[in-house]
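Each remark here refers to the structure printed beneath this line.
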Amino acid sequence: MRKLIKIALVALGIRALLRWWKRRRAGAELDAQPQPPDPADQLRQKLADSRVEETESAESDATPAEASVADRRAEVHEQGRATLDEMKTSDEA
């Protein structure tokens, strides 16, 4: 009976050793393969490039952009006032 237990324990030990050895080899093979580029890093690079382009264009067109913002703001306020006037006249009628 003791001999059978010893054989079973040795077989389990050998099996555990083989599994550990296979996992170690598989891990080494994965490390040897080149890693694909990280998509997050690619997106960060694209964002940085677009920000550089935006700052370059903003530096060259700084004055007209401010004027166009003021014009748009005035136009929006005028539309809002016109809409308010229409609502007031429809309530009174």
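What list of ³J(HN,Hα) values in whole Hz, one per residue of segment 38-43 in order, does the Karplus curve 6.51 cos²θ - 1.76 cosθ + 1.60 (θ = phi - 60°) give from phi, with Gly and Pro shown as x?
Karplus values, whole Hz, x for Gly and Pro: 6, x, 5, 5, 5, 5.
Using alpha carbon centroids, what distance separates segment 69-91 and segment 1-29, in Å?
82
No lab work stands behind these numbers, since they all come straight from the coordinates. If you're wondering where the values come from, they're calculated on a predicted model, not measured in any experiment.
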